[in-house]
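The values are calculated or read from the model by the stated rules, or taken from the named source; none is laboratory data. Just so we're clear, the structure is a prediction, and the values are computed from it rather than from any experiment. Here the Cβ positions follow ideal geometry from the backbone for every residue, glycine too, while neighbour counts run over all protein chains shown. Accessible surface areas use protein heavy atoms only, side chains included; no ligands, DNA or RNA. Shrake-Rupley method; radii C 1.70, N 1.55, O 1.52, S 1.80 Å.
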Amino acid sequence: MQVDKLNLTLTAVKNLRANVRQCFEHLADGTDGEGVEESRNKFVHDFQDRFGAINSQLREVEQLINGLQVPPTAYHLGNTTFLAQETTLDRQALYPQLVNSYKWIDKVHDHSLLAFNNLNQNTLRRSYNYCSQKRQRLPFSSFNNDPDHIEKLLSEINHPPHTFYKIFRPFGSNAVAMVTISNVLKAAIVFKGVLIEWVTIKGYDEQLDHEDLWAESRYEVFRKVQEHAHSAMLHFFSPTLPDLAVKSYVTWLNSHIKLFLEPCKRCNKYIANGLPPTWRDLRTLEPFHEECRNS
């Protein structure tokens, strides 16, 4: 009981100190007007309210302190009382460290108990949804397809005019699609089965063949487009629906046919920081500058 009163008193002192600090901060800020009478009256009224709250809390702290009883004997500290008898300076600091360690352990225990209760209330665990029959695993066939499947897949895509595809296989059965989008850019799409493994983007006047699939473009604009192409590759990745993933990705890639002709949908500018709108929205295919797409 005495410990509860002591904790209540300490909490009241803490609240009093916080309100006093807020009151002084309010005084330091002053009024926000330029000598306006209404602003001054509001400032004085707020200060009077804060000062009245401090007075009431001060009386409450005095009442709590008066209600405390002086313990007849010292608190029993166990073997830790012997730490005060140490004369070595290195060991005199053990007691406050020991108290902090006990406080830390108590907090860890409380947080662990709360986490345990919350996890027990989770109704989405698999153990709650017991099923006697095991689900059969779907066959994963994205790596094993007809060698001509990529050609058939690309021929089904509605590509814009002056866009050409060329398929060759420098890595055995896995195909590499060389895409030429008008007079704008060239792209090399490396497949593993039907899954897209890598994409390289270069300018229309740059060389791009199977010997330099991993080399970046010498133009900054196409290096930026390649970064976005890798992000889109991860976005459209779908092992369960590989055909749809390839069609969606190539459709997104074909939207760069007006890379230098369309303005940004956000700022309506053609050039920002020396670059055209290099990002294409993954759903609407609208052009955006990299700085404008998240603004």
How far apart, in nanometres, would the label points at residue 283 and residue 60 be if each is projected 7 angstrom from Cα along the Cα-to-Cβ direction? 5.0
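For 282, 261, give me the order by solvent-accessible area with a 1.4 Å probe, most accessible first, ignoring ligands, DNA and RNA. Intermediate values should be presented prior to the final figure.
Working: 282 45, 261 120 Å².
My answer, sorted largest first, is 261, 282.
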Using 0.36 nm times the number of residues separating residue 21 and residue 164, minus their current alpha carbon distance, what extension gain do you get? 44.3 nm
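Given axes a ≥ b ≥ c from the Cα gyration tensor, I'd like to know whether the stretch 196-258 is rounded (a/c under 1.5), prolate (a/b larger than b/c) or oblate.
Values: a/c = 2.16, a/b = 1.71, b/c = 1.27.
Here the stretch 196-258 falls in the prolate category.
Using 0.36 nm per residue of separation minus the Cα-Cα distance, give me the extension gain between residue 97 and residue 7 in nm, one decimal.
That works out to 30.3 nm of additional length.
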For residue 293, the accessible surface traced by a 1.4 Å probe with all protein chains present amounts, in square angstrom to the nearest 10, to 80
I want to check the label-to-label distance for residue 231 and residue 219. Put each point 7 Å from Cα in the C-beta direction and report it in nm to one decimal. 2.0
Give the cross-link partners of residue 14 among the lysines, using a straight C-alpha distance below 29 Å as the criterion and excluding same-chain residues fewer than 8 apart. 5, 42, 103, 107
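Determine the per residue accessible area of the stretch 142-295 with all protein chains present and a 1.4 angstrom probe, expressed in square angstrom.
Numbers: 8310 Å² over 154 residues.
Normalised by residue count, the accessible surface of the stretch 142-295 is 54 Å².
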Of 164, 43, 222, ordered by accessible area with the largest first and a 1.4 Å probe, the sequence is 164, 43, 222
Suppose each label sits 7 Å from its Cα in the direction of the beta carbon; what would the residue 115-residue 41 distance come out to in nanometres? 5.6
If R0 = 35 Å, then residue 69 and residue 104, at their Cβ-Cβ distance, give a FRET efficiency to the nearest 0.05 of 0.70
